[in-house]
1. Any chance the range 323-336 includes a residue that's in contact with a helix residue (DSSP H, G or I) (Cβ under 8 Å, 6 or more places away or on another chain), of a type in the set (Asp, Glu) and either closer than 27 Å to Gly214 by Cα or part of a helix (DSSP H, G or I) (or both)?
2. When only residues in the range 289-317 that are among the hydroxyl-bearing types (Ser, Thr, Tyr) and open to solvent by 10 Å² or more (accessible area, probe 1.4 Å) count, which is farthest from His162 (Cα to Cα)?
3. Which residue is surrounded by the fewest Cβ atoms within 10 Å (Cβ to Cβ), if the candidates are limited to the range 221-257 and must be at pLDDT below 90 and among the small types (Gly, Ala, Ser)?
4. Would you confirm whether any residue within the range 328-338 is out of contact with any Lys or Arg (no Cβ under 7 Å at 6 or more places or on another chain), more than 30 Å from Pro221 (Cα to Cα) and open to solvent by less than 10 Å² (accessible area, probe 1.4 Å)?
5. Please tell me if Ala202 is open to solvent by 30 Å² or more (accessible area, probe 1.4 Å), of a type outside the set (Phe, Trp, Tyr) and not in a loop (DSSP other than H, G, I, E, B).
6. How many residues, within the range 26-56, are free of Cβ contacts under 8 Å to residues at least 24 places away in the same chain and open to solvent by less than 10 Å² (accessible area, probe 1.4 Å)?
7. Across the range 337-367, which residue is farthest from Thr165 (Cα to Cα) among those that are in a loop (DSSP other than H, G, I, E, B) and more than 22 Å from the chain's Cα centre (by Cα)?
8. Give the residue, chosen from Arg61, Arg115, that is out of contact with any helix residue (DSSP H, G or I) (no Cβ under 8 Å at 6 or more places or on another chain) and at pLDDT below 95.
Amino acid sequence: MVRSPSQEAIDTESCTLPSIADVLKDQTLLITGGAGFVGTALLYRLVASDLSVRRVYTVIRGENPISRLPVDLHPFVAKRLPDGTWSTEEPIVILPGDCFLPDFGLGPKDAKLLREIQIVIHTAGDTRFSLPLAQAVHAIADLATAMTNFSLNNLRVRTHIHLSTTFTGWFLESGSTVLEELVPALDESAHFEEHANTYLHAKSIAEGLVNAVGRPQAGRPTPKVNWRIVRLATVGPAVQFPFPGFGAGSPSSPVCSAIAAEVVGREHYLDSAELDVIPLDIAVNQILGLTASVHARKSTVLPRGSNVPIYHIAAGMAPENPIPMHLLNEPDCKIKEPYVPAKNLLRAYSPMITKCVKFDTSRTRVVLGLAPQTKAPKYNIDPSYGLTVPVTDTTIDTLGFECDGQKAVDAIGGWRSYLQLIRDRMEQMAEPESFEVHVD
């Protein structure tokens with residue numbers, strides 16, 4: 001038996017906890033998927049006045065990549081100068097490249113900039129559930145391989161954060177808990193191939209690839225990169241930052257899908273069904289907290305036989321945290337004229353509402369200095385499988401970065417108020433054609 005994460009397992013290295021701002025000060029980061037739901041929110045947070053990062057590079061495809069960012073981020077984006085270099089007053093540099101290509105397919109001057117990068121946060125990937133498996137594997141697992149190659153071959157990269165999803169463990173039977181470990185969740189009865197869709201299947205494959213590169217093995221030299229896998233539960237629009245409801249209407253959030261959908265008959269989902277939701281701004285704060293914790297480590301070495309550590313950004317085990325599915329389905333939490341047919345919503349999300357699976361957040365909460373949840377599971381794990389150590393990273397000072405999702409939601413009146421905030425934001429928006437196509 002392996003004990004659950006505990007405060008005693010933390011390598012504090014000093015009595016003073018490092019802060020997110022201190023660790024990220026003067027660092028150069030690469031955010032893949034900068035035009036995506038999570039990537040854009042990360043850009044907003046990284047250019048905020050309480051952080052002093054040196055530079056943030058992001059790779060966005062297209063002839064006019066800046067047009068894919070919100071207009072109020074444009075003043076923070078560097079401009080191309082006549083000599084081919086970039087202005088230095090602005091923190092964000094958009095590199096018009098392709099992450100699948102060596103040096104992202106950039107010209108010599110831009111490729112040279114990549115050698116400055118110290119931290120990689122890989123958020124890019126296709127979020128569609130219905131792609132053929134070969135396409136999903138290419139868009140997610142092959143891309144993960146390309147990014148691990150980038151970090152391996154870039155001498156200055158010290159920390160590589162691979163974003164995944166807690167739902168990689170959704171094939172477990174109802175009532176199970178997905179641990180902060182690789183899936184299958186060390187459970188002989190788990191049917192690993194029974195993923196709800198090709199997206200989750202490809203995400204599981206990508207995690208295995210990152211782990212294969214990052215876990216210590218005999219005969220390998222000491223690694224230069226801290227590899228971590230950070231799984232996100234369902235990400236909903238922001239509570240506060242950069243403004244309340246930011247991200248409302250995004251096709252990447254099932255919360256928005258539910259609010260835009262017709263009421264679904266109660267016979268289609270379990271009475272106990274729930275959705276584990278983390279608001280976007282809280283998720284971003286936790287990502288940066290975990291990133292800073294890893295980057296603050298003095299050593300990149302993990303114990304022999306350990307897997308790459310995994311963290312869960314989720315509401316977690318406390319009974320009041322997930323949103324009950326019946327609340328998402330109530331008419332006063334939906335827009336007045338729903339444009340997503342109930343049948344479409346069910347086709348996409350039925351695997352998520354016909355059973356209940358919980359997500360453990362024990363390791364994450366220790367690193368972020370959050371109080372443990374009372375229903376955290378015991379780690380009954382066969383040690384022959386290969387484990388992560390209970391906690392490998394330093395507890396981080398998150399002052400100024402709200403990381404407690406339940407506290408943030410309670411501050412605005414609870415989950416119903418949160419859903420109605422998103423509903424009101426979506427009511428102000430024109431029906432997004434891309435949203436309807438995505439859900440369809």
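1. Checking the range 323-336: at least one residue is in contact with a helix residue (DSSP H, G or I) (Cβ under 8 Å, 6 or more places away or on another chain), of a type in the set (Asp, Glu) and either closer than 27 Å to Gly214 by Cα or part of a helix (DSSP H, G or I) (or both).
2. If we take residues in the range 289-317 being among the hydroxyl-bearing types (Ser, Thr, Tyr) and open to solvent by 10 Å² or more (accessible area, probe 1.4 Å), then Ser299 is farthest from His162 (Cα to Cα).
3. Ser252
4. Keep residues of the range 328-338 that are out of contact with any Lys or Arg (no Cβ under 7 Å at 6 or more places or on another chain), which gives 328-332, 336-338.
Those left that are additionally more than 30 Å from Pro221 (Cα to Cα): 328-332, 336-338.
Adding the requirement that they be open to solvent by less than 10 Å² (accessible area, probe 1.4 Å) leaves 328.
Scanning the range 328-338 turns up at least one residue that is out of contact with any Lys or Arg (no Cβ under 7 Å at 6 or more places or on another chain), more than 30 Å from Pro221 (Cα to Cα) and open to solvent by less than 10 Å² (accessible area, probe 1.4 Å).
5. So Ala202 fails the test.
6. 0
7. By that ranking, first place goes to Glu337.
8. Arg61
The values are calculated or read from the model by the stated rules, or taken from the named source; none is laboratory data. Since we're looking at a predicted model, the values are computed, not measured. Cβ: placed from backbone, ideal geometry, glycine included. Neighbour counts: every protein chain shown. When the accessible area is computed, the model is the full protein with side chains, heavy atoms only, and any ligands, DNA or RNA have been set aside. Shrake-Rupley method; radii C 1.70, N 1.55, O 1.52, S 1.80 Å.
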